[in-house]
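This report refers to the structure that appears directly beneath it.
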Amino acid sequence: MTGALALAVGSVASTAPASPVVAQVTAIEASLLAFVVLTALATALARDVLAAVIVFGAYSLGMAALYTFYRAPDVALTEAAISAGVTTVLLLLTLAKTTRIDHDVAFESVNLPAAGAAGFLFAGLLLTMGDIPAIGSPDAPIWSNPDVTQWYLTETYAQTHVENTVMAVLAAFRGFDTFGEAVVVFAGGVAALIVLHREVFA
Amino acid sequence: MTDAADDTDMTDTATDSEADASTGEGAAERDDAEPDLPPHRAVPRSGRLDSEERQGTPYTESQVIMPTVKVVAPFAFTYGLFITFHGSGSPGGGFQGGAIMAAVVFMIAFAFGIESTRDWLANTVVVALAVGGALAFAGIGLVPVALGGAFLQYDLLPIPVLDPVKYGMEAVEVVGIAPIVSGVLMGLFFLLARGFNSDGDGFGNGSLDEDGSIDEQQRDEESIDVPDATDDAAVADGGHADDAGRAGDGAVDTETASSGGDRR
Amino acid sequence: MNAALGAATDFGSVLASVLASGTATASALDVLTTRHAYVAFALLLCIGLYMMIANPNLVKKIIGLNLFQTAIFLLFITSAYVEGGAMPIVPEGAAETQTFVSPLPHVIVLTAIVVGVSLTAVGLALCIRIYDEYGTLRTDVLRELLRDEGSLPEQPAVGGPEGGEADE
């Protein structure tokens, strides 16, 4: 069985094409990624739930900055407003409605079997990293296939007269999915009402 | 700070909460009916949100938060509107704008009190935003179907002068998505702030304290009793003592669970 | 159990040999410099998974779920990025001359963020309800309470007929 596993890994590794050289990691990107990972670790290991919620707000802000760095301003706006704003507020309200015990220790002890399972998943994901195209590489399939991104970029203004391609894809090209999503948001509100036995939002 | 005059029970409907908002001015008759109103309910409900007579006991004594929110809130709300309306030419759109507008309401609620904001922004407004947005989106999508096309086929929309595709998309974003997102997020905020069993029966005391802090005083008193006495919590001793040895909160919670069971 | 442990150690040795020998197309250092955001995505995914499994507090489990979700969003946004690309605001006729990042994964992530917040809100409402009903937010204490209440079957006896919380 191990022989079969080694064979599979070897075949996967050898058939992947060599990736072209792309620009190396910049300092700001590395520091943003490090900040995000460190705040996630602090969220996981904080003993007090309130501390975990506040560090989670900082993590969301770091993610919004990271999305801005990867040229995704719509997503960064949404992440900052919703994750760093609304989710943090809802978590704090839940803490106000339930309980929060004061602890003496700042960090909790690591649960080793769970860490082992997570580490196993991490190792498995790392094995696949060699095959994903490098970040920013222009011959990723999303770019090399002209029917995917290039079509949307050229046809957006021609068909919809709107410059924001994300909004055009959301409202025009994939409008039905957006309708489903809006209804899901509404259904989430109704579900929260049902869970708490209320008929009004107030 | 329990809502003794709270009548938003399970039988409440939207019309009742309208009556709620309108009888806010006539607090005199409520005083006769419910003599033990909390102080912030005993003052008449007219005038500006931050005036002394409307605030009663201030929700937060911070002289920094209230003026800051007074100054920042209009600009933030206008920015949210700008992001919604200009979503076709710059990053933005309905989701972002709706979330920012909801966040402005959260900010106002933090500065001036959740109860005051709840009275100012009646439930009807929140529900109307959410439901109206969903209906508008569905309506704009179904008009082309009625005219013989596909769902959300914008070029069949009967808009007289303007470009139907672009303005159909704008309408969907501004009139459909932004109200849904802002309405639902505001509603969720007020819903979670009210909690469950808001007449004070819940373990979390039903609401935030006067100065806005989490009411952990009650928990700390009980956390002193260590769980050796909690064999009435109907858990066998062996495993439970281990639980308590690891962290005191498990014991506290089962202590309150047993007392809560009596209350039920 | 022993077979699974043996398989795990075998897997570990295979992984070590693959990473160390350099027969993989991208060696470890290469992965760290060219696919750094994917490595961060894997780390965040595993941290979120760890929080969901290991923390007994229900609110922390929901925070772990959110961590997991944002890691997936990072994967999508990173896959859309192209070197030298601009934001996907395309003026008329600029699509042929300028490079833009792909807007399609952005749409997926936008939808997912908004759906995720409504999911979080329903989960938190459930937490409030559970706290109001049982007085605790810890899953181990909840399990004991449910077992005593009769909603959960008794734990199968490990050391005798008394019921087995001796191993807790």
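Shape class of region A:26-104 from the alpha-carbon gyration tensor: oblate, with a/c at 1.5 or above and b/c at least as large as a/b. Counting only residues at least eight positions apart within a chain, or on another chain, the lysines with an alpha carbon under 18 Å from that of C:K60 are A:K97. Does chain A come out rounded, prolate or oblate by the C-alpha gyration tensor, with a ≥ b ≥ c the root eigenvalues, rounded set by a/c under 1.5 and, if not, prolate when a/b is larger than b/c and oblate if not? Because a/c hits 1.5 or more and a/b fails to exceed b/c, chain A counts as oblate. Comparing A:V190, A:V169, A:V49 in a Gaussian network model of chain A where C-alpha atoms under 10 Å apart are linked, the largest mean-square fluctuation is found at A:V190. Computed over neighbours whose Cβ is under 12 Å from that of B:F137, the net charge equals -2, Lys and Arg +1, Asp and Glu -1.
May I ask for the net charge around C:I53, where only other residues with Cβ less than 12 Å from the Cβ of C:I53 are counted and Lys, Arg are +1 while Asp, Glu are -1? All intermediate terms of the calculation are to be shown ahead of the outcome.
Working: positive: C:K60, C:K61; negative: none.
Around C:I53, the charge tally is +2.
Which net charge results for the neighbourhood of A:L170, defined as the other residues with beta-carbon distances under 13 angstrom from its beta-carbon, given Lys and Arg at +1 and Asp and Glu at -1? Charge balance in the 13 Å sphere: -4.
Among B:K166, A:K97, which comes first, second and so on when ranked by fewest other beta-carbon atoms within 10 Å? Walk me through the numbers before you get to the answer.
Values: B:K166 17, A:K97 30.
Sorted ascending by nearby Cβ count, the order is B:K166, A:K97.
Footprinting exposure proxy ranking of A:F186, B:F137, fewest other C-beta atoms within 10 angstrom first, gives A:F186, B:F137. Residues A:L77, A:L61, arranged from fewest to most other Cβ atoms within 10 angstrom of their Cβ, appear as A:L61, A:L77.
Bear in mind these aren't lab numbers, they're just calculated from the coordinates by the rules spelled out. This structure is a prediction, so every number in the text was calculated from the model and none was measured. Every residue, glycine as well, gets a Cβ built from its backbone with ideal geometry; the counts of neighbours run over all protein chains shown.
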